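Report on the following structure.
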Amino acid sequence: MHISELDTPALVIDLDIMERNLRRMSEYAASHGIRLRPHTKTHKIPALGRLQLDLGAAGLTVAKVSEAEVMLASGVEDLLIAYPLYGPKKWPRVAEVAKKTRLTVSVDSYEVAEPLIPTGVEFLIEMDAGLGRVGVRPEEVVPLAKRIGTNVRGLAFYPGHLKSNDPAGLLQVSNLVQQVLREAAAAGIEFELVSGGSTPTMWQSHLVQGMNEMRPGTYIFNDRNTIASGACGPEDCAASILCTVVSTSVDDQMIIDGGSKTFTSDQTAAGGYGEVLGSPEAFFFKMNEEHGYIKRNGAKFKVGDRARVLMNHVCVSVNMEERIYGVRGEEVVETWEVAGRGKLQ
Ligand SMILES: Cc1ncc(COP(=O)(O)O)c(C=O)c1O
């Protein structure tokens with residue numbers, strides 16, 4: 001099918017760019033002796049998890065037990081739930097997933113770990129590396145590992161506070177990791193895995209000494225946030241939303257058929273809710289649910305024209321789509337159901 005035959009709005013993936021992103025990351029990780037365990041929150045599609053594994057990933061990451069259930073279809077043999085999940089409805093589901101694959105859960109309290117111990121899962125102790133979201137302080141890692149006492153596989157952290165690929169922040173993270181590893185060694189504890197990483201910092205991951213696993217997610221597609229971080233260029237962005245211009249009745253403005261149910265309200269340093277590819281003068285300044293407001297600033301669009309818009313935060317957009325489309329040039333060659341969308345529990 002030609003791309004012009006797709007109904008809009010449609011989230012399209014340039015497969016050549018996506019595959020290049022995946023290969024580059026696999027090569028980078030391998031060249032630094034770091035295991036790659038991509039976070040699948042960005043695509044939520046088992047076939048893409050499979051592709052990541054086939055291209056060298058050692059395992060996959062999810063945030064929810066429901067996402068873990070979906071991602072089993074990728075055939076993953078080493079799955080991480082990088083989230084301190086808690087709840088009596090969740091524990092039996094975790095146990096079921098753990099029967100089907102090697103399952104590890106990141107925890108930052110004994111309360112989260114204790115009910116999971118009978119399920120046979122393994123644990124990573126989550127340390128706060130500066131984001132201030134979850135994670136114990138570095139000096140609390142070893143005491144928590146000792147208290148859990150069983151199946152502790154290693155250390156996890158997420159440098160989500162670092163929005164650029166500036167090495168200074170990562171060197172601070174490296175110091176924290178070193179501190180924990182020294183304390184673990186002194187206590188006779190050996191951490192098999194030291195798992196961190198993110199997309200903004202992806203090419204500097206080797207600066208974190210002792211980190212032997214990285215979990216970038218957004219890198220598969222990239223987005224305007226990744227460009228703003230300096231970790232990729234516009235040519236590395238694989239995902240965009242194909243929209244139709246549905247109204248030009250207001251002077252020098254156009255309305256596209258994607259609004260806040262398609263794009264994210266996240267803002268980037270570059271401003272606006274997305275970038276109209278090929279028309280840098282156009283400015284995507286406002287959204288209602290079904291309407292995207294674009295100041296044309298002279299850009300020539302008429303009703304019925306199509307625009308491809310690069311989004312600020314691709315993970316959120318994918319989560320709103322039932323299916324997304326893979327294109328090579330102008331040909332639509334793949335349609336994927338977003339099996340992990342809306343899996344909140
Ligand atoms: C715990 C954890 N690990 C890894 C990632 C992947 O981050 P990124 O999309 O920046 O690569 C996330 C993203 O939210 C995360 O929360």
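The values are calculated or read from the model by the stated rules, or taken from the named source; none is laboratory data. None of the values given here were measured: they were computed from a predicted structure. Using ideal geometry, Cβ is built from the backbone for each residue, glycine included, and neighbour counts are taken over all protein chains shown. The accessibility values were calculated without ligands, DNA or RNA, using every heavy atom of the protein model including side chains. Shrake-Rupley method; radii C 1.70, N 1.55, O 1.52, S 1.80 Å.
Below is a table of values for the structure above.
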quantity: The range 16-223, accessible surface, carbon-and-sulfur percent (1.4 angstrom probe); calculated: 50
quantity: Centroid-to-centroid separation of the range 144-160 and the range 267-345 [C-alpha atoms, Å]; calculated: 39
quantity: Average accessible surface area per residue within the chain, 1.4 Å rolling probe, Å²; calculated: 42
quantity: Dimensions in Å of the range 226-345 - Rg and Dmax from alpha carbons; calculated: 14.5, 46
quantity: C-alpha long axis of helix 138-148 to longest principal axis of the chain, angle in °; calculated: 60
quantity: Calculated on alpha-carbon atoms, Rg and Dmax of the range 161-239 in Å; calculated: 14.5, 48
quantity: E330 versus L344: modelled label distance in nm, points set 7 Å from Cα along the beta carbon direction; calculated: 4.2
quantity: Global geometry of the range 16-223, whether rounded, prolate or oblate, following the gyration tensor of its Cα atoms and the 1.5 cut on a/c; calculated: oblate
quantity: Expected 222 nm ellipticity per residue - DSSP helices of 4 or more, -39500 (n - 2.57), all of the chain, to 500; calculated: -8000 deg cm²/dmol
quantity: Gap separating the Cα centres of the range 68-91 and the range 182-255, nearest whole Å; calculated: 21
quantity: Straight-distance crosslink candidates among lysines, where the alpha carbon sits under 22 Å from K163 and sequence neighbours closer than 8 are dropped; calculated: K41
quantity: The range 16-223 - percent relative contact order, Cα under 8 Å, separation 6 or more; calculated: 20
